[in-house]
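These notes concern the structure reproduced below.
The values are calculated or read from the model by the stated rules, or taken from the named source; none is laboratory data. Small disclaimer: the values here were computed from a predicted structure and weren't measured. Cβ placement follows ideal geometry from the backbone for every residue including glycine, while neighbour counts extend to all protein chains displayed. When the accessible area is computed, the model is the full protein with side chains, heavy atoms only, and any ligands, DNA or RNA have been set aside. Shrake-Rupley method; radii C 1.70, N 1.55, O 1.52, S 1.80 Å.
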Amino acid sequence: MSYVVFAFVLWAIGFAINLQLAGGPAQRSAAARLAIPLIFGATLLAMWELLVRGLEVPTVILPPPSQIGATFAANTSILWGDFVQTILKGALSGYLMGCAAAVLVALLVDRYDYLRRGLLPLGNFMAALPIVGTAPILVMWFGFGWQSKAAVVVLMVFFPMLVNTVAGLSDTSAMQRDLMRTYAASWPQTLLKLRLPAALPFIFNGLKICSTLALIGAIVAEFFGSPTQGLGFRISTSIGQLNLGMVWSAIVVSALAGTAFYGLVALLERRATFWHASQRK
Amino acid sequence: MTDATVATQGAMRRWPRWLSLPPVLAMVLALIAIWYVAAVPMNVHEVLTRAERAGIAVSPDSAVLRRDMSALALVARNPGTLGESWSLDRPRLPAPHQVLVELYDSTIVEEVTGRRGIVRTGSLSNRSLVYHGWVTLNATFVGFLIGTALGVVLAVGIVHSRVMDLSVMPWAIVSQTIPIVALAPMIIVVLYSIGIQGLLPKAVISAYLSFFPVVVGMVKGLRSPGAMQMDLMRTYNAPASTVLWKLRLPASVPYLFASLKIGIAASLVGAIVGELPVQQGGLGARMLAGSYYGQTAQIWAALILAAALAALLVWAVGWLERRTLARMGMAA
């Protein structure tokens, strides 16, 4: 019981510190903006640990963070293998193929107005569909290996990426296009010098959305069949063994991978579109 | 995604509505044609095996040799024996009409003439897609309502409390980069082990997926009133609750609907994924069963029904949006 009391005391302390920070003179500083969410997260973790211990929750329902950390540390080589199988082979290859294909199709769509009028409504429609549902079919076609996961990812990222890129390519003003015409610029020149740079913020928006979708696609596709490796496989088999520490470790891996993936794309965006209004400080 | 989607829809409105239909139809027809053509090489191995059993000469004549050959080469060498490509019993890729027949059989035929259909028994047959679609739809709705309600409440909290804004909002954004669906089987099993089963576990996953678009959209929407409008409320000496009810909430309605459209599609995905671990009905369970037993037409039929449901739900939210905004005088 003392654990539970202590948990709430800790909560109050964390909240008080945050209240001070948010209301104090340093509230606009970068350090406070970083510290406040970190304190909040740490308080949540500590409360989780204390409440699980204090209320004696069975570890098959919710293991405490310390146990998850221990499982994680003890199984780094297995988890690394899962990471390579799911993230690097399945998600990343599918992500690259799907996004590249979508950008190429977007260029075609942009060139031919008929295609735009035909494909764009379809693309908007497809982007809202539960495409994860194609996973069982694609696993049947491409086998249990990473190829089927990459195929699911390609399908999942294609339409959001297409819609975003097409929107980006049409995001130039008539003045800008007229200027290119007065230079007698050809279509490829206009594309390279004006429209692709102007489309970059939209393309990166699509890339960011798709980074999450790619991981979801790769993990869910593994529920339908996989080799004896991979995060989705690890999650579904460890649940069968009621090894919740391992399940949570796999989730930690996918969370870290997802955040890192997104962060990497955001970093690239900052380097590539430093001129855009949204990147200015 | 919403901004981009809105932008492209805006660009399309330059044509009258009926003019945008022929290109779309042409693309759909082209897709169906590609589907039919693709079915031939996809199914060629099975077709040739059946032809060989029926005593027709096939080249090469051993199944082992054929297994190692590419599908296109087999099609090129056996142009005369491909008649069954579009009518196989268990094809790798069923032809569109086979999927439609399966869809018709597993909905209308099953309910009207089936032994367990609604006509004979008065309740939906557990073999029909209508039943499974209904199960999924229920979970989607419950999850969507929970997720939306929680999202709106959290957004109101974030807008009114600086501590919450600074501490919760970064985590809400980080959590969007995490493949949340990976949690689905665990949530189901954990809730099952503490005695909660049936609709609620799936709804929890739906709620989880529809929650964050609503939070992000609503925070944006609740902050959308300009400085002038906020100043006006101050000159009235309006308390925070009045500002919320009379200014912030009405101003956030367009943002809310934009989020709801994403949220309801996400809810459906959540419900379908949530049905994978427990085989107790629903479109997700139907897909998994189809993949276990090689019933490809059944998977495709479930997939098409899921697509139709998604389209219907998004359209319904869009319809509600147009009606609401028109009545509020905010129609675009």
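Determine the shape class of region A:1-62: with a ≥ b ≥ c the square roots of the Cα gyration tensor eigenvalues, call it rounded for a/c under 1.5, and otherwise prolate if a/b is greater than b/c, oblate otherwise. It comes out oblate by the Cα gyration axes.
Just in region B:265-332: which chymotrypsin sites (Phe, Trp or Tyr not before Pro) are loop by DSSP and have at most 14 other Cβ atoms within 10 Å? Those that pass, being in a loop and sparsely packed, are B:TYR293.
As a fraction of the 1.4 Å probe accessible area of chain B, surface on carbon and sulfur atoms comes out at 66 percent. Of the residues A:TRP141, A:GLY232, A:GLY245, the one whose Cα sits farthest toward the positive end of the charge dipole of region A:72-279, with +1 on the Cβ of Lys and Arg and -1 on the Cβ of Asp and Glu, is A:TRP141. Buried between B and A is an accessible area of approximately 5200 Å², summed over both sides with a 1.4 Å probe. Pairwise inverse Cα distances across the protein assembly as shown, averaged and inverted, put the Kirkwood hydrodynamic radius at 26.8 Å.
Rounded to the nearest 20, the Cβ-based charge dipole of the protein assembly as shown about its Cα centre (Lys and Arg +1, Asp and Glu -1) stands at 1480 debye. Region B:81-129 and region B:290-326 have Cα centres separated by 18 Å. In whole Å, what is the distance between the alpha-carbon centres of region B:162-212 and region A:1-42? Cα centroid of region B:162-212 versus Cα centroid of region A:1-42: 23 Å apart.
Of the residues A:GLY263, A:GLY225, A:GLY245, the one that moves most in a GNM of chain A with alpha-carbon contacts below 10 Å is A:GLY263.
Relative to the compact-globule scaling 2.2 N^0.38 Å, provide the ratio for the alpha-carbon radius of gyration of region A:120-261.
Working: Rg = 20.1 Å, N = 142, 2.2 N^0.38 = 14.5 Å.
Here the Cα radius of gyration is 1.39 times the empirical estimate.
Rounded to whole numbers, the Karplus 3J(HN,Hα) couplings from phi for region B:266-276 are 5, 4, 5, 4, x, 5, 5, 5, x, 7, 5 Hz, using 6.51 cos²θ - 1.76 cosθ + 1.60 with θ = phi - 60°, and x at Gly and Pro. Per residue, the accessible area of chain B comes to 51 Å² when a 1.4 Å probe rolls over the protein heavy atoms. Note on chain B: GNM, Cα springs under 10 Å; of B:GLN229, B:GLN298, B:GLN197, the largest mean-square fluctuation is that of B:GLN229. Applying the criteria of a DSSP loop state and at most 13 other Cβ atoms within 10 Å to the trypsin sites (Lys or Arg not before Pro) of region B:114-145 yields B:ARG115. Accessible surface area normalised per residue over chain A is 48 Å², counting heavy atoms of protein chains with a 1.4 Å rolling probe. Considering only A:LEU55, A:LEU107, A:LEU138, give the residue with the highest GNM mean-square fluctuation for chain A, with springs between Cα atoms whenever their separation is below 10 Å. Looking only at A:LEU55, A:LEU107, A:LEU138, the biggest GNM fluctuation is shown by A:LEU55. Whole-Hz Karplus values for region A:12-21 come out as 4, 4, x, 5, 5, 4, 4, 4, 4, 5 Hz, taken residue by residue from phi with 6.51 cos²θ - 1.76 cosθ + 1.60 and θ = phi - 60°; glycine and proline positions read x. Overall, the anisotropy analysis places chain A in the oblate class: the square-rooted eigenvalues a ≥ b ≥ c of its C-alpha gyration tensor yield a/c not less than 1.5, with a/b not exceeding b/c. Where the accessible area of region A:2-57 is counted over protein heavy atoms with a 1.4 Å probe, how much of it, in %, is carbon and sulfur? Solvent-exposed carbon and sulfur of region A:2-57 make up 75 percent of the total. For the residue pairs A:LYS193/B:LYS220; A:LYS208/B:LYS202; A:LYS149/B:LYS261; A:LYS89/B:LYS202, the C-alpha atoms sit more than 32 angstrom apart in A:LYS193/B:LYS220. Every helix of 4 or more DSSP H residues in chain B counts as -39500 (n - 2.57), and over all residues that averages to -23000 deg cm²/dmol at 222 nm.
Across region A:39-56, computed HN-Hα scalar couplings (Karplus, 6.51 cos²θ - 1.76 cosθ + 1.60, θ = phi - 60°) run 4, 4, x, 5, 4, 4, 4, 5, 5, 3, 4, 5, 5, 4, 6, x, 8, 6 Hz from first to last residue, x flagging Gly and Pro. Of the chymotrypsin sites (Phe, Trp or Tyr not before Pro) found in region B:174-244, the ones in coil according to DSSP and having at most 11 other Cβ atoms within 10 Å of their Cβ are B:TYR236.
A Cβ-based charge dipole, computed about the Cα centre of region B:129-327 with Lys and Arg at +1 and Asp and Glu at -1, lands at about 500 debye. May I ask which residue of B:VAL101, B:LEU209, B:ILE56 lies farthest towards the positive end of the charge dipole of chain B, with charges of +1 (Lys, Arg) and -1 (Asp, Glu) on Cβ and the Cα centre as origin? So the residue furthest toward the plus end is B:LEU209.
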